[in-house]
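Enquirer: Pasting a structure here, questions to come.
The values are calculated or read from the model by the stated rules, or taken from the named source; none is laboratory data. Being a predicted model, the structure only gives us computed values, none of them experimental. Note: ideal-geometry Cβ built from the backbone for every residue, glycine included; neighbour counts use all protein chains shown. In case anyone asks, the SASA skips ligands and DNA or RNA and just uses the protein heavy atoms, side chains included. Shrake-Rupley method; radii C 1.70, N 1.55, O 1.52, S 1.80 Å.
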Amino acid sequence: MTETIGEIVAAHARSQPEALAFVEHASGARLTWRDYDARADAVAAWLRRRHERGERVAVHMPDGPDVHVAYVAAERAGLVAVGIGPRANEREGAHLVERTGASTVLRALPSESPGDAHGSRATDRAPLTPPELSFLNSPSGTPGLPTCVKHAH
């Protein structure tokens, strides 16, 4: 059976919680596997309260740990992440949101805690599984308006 990225992150959080998952070279910020897993869970809970399973959520964030937290959170929330490259301009981003049907654009991780509910959506929804579409990526260097590549685990 193929593991999802979220399952791999959770396994690393259990087996080596204090080991580094990310080191951001520009800022020196560090993220352990435990923190990566916990942040992804918190963001997934936030997303579940706002979206139905299978919805598409665009992620337009700078490269770094937070963008990866957002992708794992979307998977755990049962949502399809739409990756918009950090250098995409407004026109390209709007095109990708429209083309993919993304209902939200995450430009940063939410700052509220998981207990700050703003809605009553299910919080125990199943994450995406390996055969399901999990990520729509817009490759860099596309001439004109960007296209998407479909990914499953």
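Enquirer: Taking the options 85, 78, name whichever one is touching a Lys or Arg at 6+ places or on another chain (Cβ under 9 Å) and modelled with pLDDT of 75 or more.
Expert: Numbers: 85 fails: touching a Lys or Arg at 6+ places or on another chain (Cβ under 9 Å).
Among 85, 78, only 78 is touching a Lys or Arg at 6+ places or on another chain (Cβ under 9 Å) and modelled with pLDDT of 75 or more.
Enquirer: Within the range 54-90, which residues are in contact with a Pro (Cβ under 9 Å, 6 or more places away or on another chain) and part of a helix (DSSP H, G or I)?
Expert: 67, 75, 76
Enquirer: Taking the range 1-31 as the region of interest, how many residues are touching a strand residue (DSSP E or B) at 6+ places or on another chain (Cβ under 7 Å), buried (at least 19 other Cβ atoms within 10 Å of the Cβ) and either of a type in the set (Ser, Thr, Tyr) or in a loop (DSSP other than H, G, I, E, B) (or both)?
Expert: Residues flagged as touching a strand residue (DSSP E or B) at 6+ places or on another chain (Cβ under 7 Å), buried (at least 19 other Cβ atoms within 10 Å of the Cβ) and either of a type in the set (Ser, Thr, Tyr) or in a loop (DSSP other than H, G, I, E, B) (or both) within the range 1-31 amount to 0.
Enquirer: Would you point out which residue out of 38, 108, 44, 73 is open to solvent by 50 Å² or more (accessible area, probe 1.4 Å), at pLDDT 95 or above and under 19 Å from residue 13 (Cβ atoms)? Even if it seems obvious, please write down each step before you answer.
Expert: Values: 108 fails: under 19 Å from residue 13 (Cβ atoms); 44 fails: open to solvent by 50 Å² or more (accessible area, probe 1.4 Å); 73 fails: open to solvent by 50 Å² or more (accessible area, probe 1.4 Å).
After applying the criteria, what remains is 38.
Enquirer: Additional query: Could you give every pair whose Cβ atoms fall below 8 Å, whose first residue belongs to the range 51-68 and is open to solvent by less than 70 Å² (accessible area, probe 1.4 Å), and whose second residue is aromatic (Phe, Trp, Tyr), counting only separations of at least 6 or pairs across chains?
Expert: From the range 51-68, the pairs are 59/71; 64/22; 65/22; 65/36.
Enquirer: Moving to a separate point now. Could you list, ordered by first residue, the pairs with Cβ atoms under 7 Å in which the first is in the range 34-49 and more than 12 Å from residue 6 (Cα to Cα) and the second is open to solvent by 30 Å² or more (accessible area, probe 1.4 Å) and of a type in the set (A, V, I, L, M), at least 6 apart or interchain?
Expert: These pairs meet every condition: 43/109; 48/122; 49/117.
Enquirer: Is there a residue being touching a helix residue (DSSP H, G or I) at 6+ places or on another chain (Cβ under 6 Å) and outside any helix (DSSP H, G or I) anywhere in the range 32-52?
Expert: Looking through the range 32-52, none of the residues is touching a helix residue (DSSP H, G or I) at 6+ places or on another chain (Cβ under 6 Å) and outside any helix (DSSP H, G or I).
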